[in-house]
Amino acid sequence: MQGFINLNKPLGWTSHDCVARVRRLLHTSRVGHGGTLDPAASGVLPIAVGKATRLLQFLPQDKAYRATIQLGITTTTDDLEGEILTSQPATDLSLEQIVPRLKQFQGKIVQIPPKYSAIQVGGKRLYDLARAGEEVDVPERTVEVYKIEILDWQAGDFPKLEVAIACGAGTYIRAIARDLGAALGTGGTLAALTRTRSSGFEIAASLSLDELATQIEQGTFEPIPPAKALQHLPSVNLSEPVARKWCLGQKIPYPEVPVTMTNDTCLRVEDEGDRFLGIGRLVQTDDVCLLAPQIVFVPS
């Protein structure tokens, strides 16, 4: 079996927990995931099965979240899982004060990831260093936030702001919650998080672990085919003799490269019957363009 699962990760589970569960359900060890999701978050967790684990790197990188930010509180982990550092009511805070502040968190922004995160510094995970009590300068990173939309506002001593966030890979929503609170002078932390889109998969079409188990038991489960998950990539269809050469690892001549493609562009390679063969990479030399095999994925 090979392909993808659009899994709806439950609260309290790590991404590794989900992979382990899928391995047991499908009786296979070759299972991986794309885009780690914190235990305190739920939502879309792309799962790859079989040879599809090699294709995780080619999935779209965009993500979307529904987040609840609680203002007036700061914590060690930048979410409610951590110890409270400061707690001061923000009763007078209004939505009108927040709207202009949100603009500074859209576009390409510089973030300092939470101290409790999976980023490695000196070969060690930040959360391991934080738990050991070690003080580390967390390196900042540039990320991109495409859009922030306000969904709900609950005033009170510790107001809650619910937002929808569309962003690129590597964006920490906890950091946005923390930094928004700092910009408002009230402090802020993440109260709840659901990932609604990841790697091209939408939460509306996701499966819970229980639903997956039921489908497997009933014999109705079918993984998402690699070709469908990789629809965002440009494609090329190869005739039978040429396809055979390519699958054997040979570079083959490619027609003139369209202006939308460049050297090192990855393509979805299929045969004349639209059977997915793998991922190819364009190699441009002075006088010729070649389609080189990147990953050969020939069905058994």
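The values are calculated or read from the model by the stated rules, or taken from the named source; none is laboratory data. Remember, it's a predicted structure, so these values are computed and weren't measured experimentally. As a convention, Cβ positions derive from the backbone with ideal geometry for all residues, glycine included, and neighbour counts pool all protein chains shown. Areas reflect the complete protein model, heavy atoms only, side chains present, ligands, DNA and RNA absent. Shrake-Rupley method; radii C 1.70, N 1.55, O 1.52, S 1.80 Å.
Laid out as a table, the results:
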read-out	value
Members of the stretch 184-210 that are exposed (fewer than 14 other Cβ atoms within 10 Å of the Cβ) and either of a type in the set (A, V, I, L, M, F, W, C) or in contact (Cβ under 8 Å) with a residue 24 or more places away in the chain (or both)	GLU202, ALA204, ALA205, SER208
Number of the condition not met by THR171 [criteria: (1) open to solvent by less than 30 Å² (accessible area, probe 1.4 Å); (2) β-branched (Val, Ile, Thr); (3) at pLDDT 95 or above]	(3)
Selected residue [open to solvent by less than 30 Å² (accessible area, probe 1.4 Å) and either β-branched (Val, Ile, Thr) or closer than 30 Å to GLY280 by Cα (or both)] from GLY50, GLY43, GLY72	GLY50
Output for the stretch 273-289, where each listed residue is open to solvent by less than 40 Å² (accessible area, probe 1.4 Å) and at negative phi	PHE276, LEU277, ILE279, GLY280, LEU282, VAL283, CYS289
Boolean, GLY181 is of a type outside the set (Lys, Arg), surrounded by 13 or more Cβ atoms within 10 Å (Cβ to Cβ) and either free of Cβ contacts under 8 Å to residues at least 40 places away in the same chain or in a strand (DSSP E or B) (or both)	no
ASP157, sole failed condition from (1) under 18 Å from THR68 (Cα atoms); (2) out of contact with any Gly (no Cβ under 9 Å at 6 or more places or on another chain)	(2)
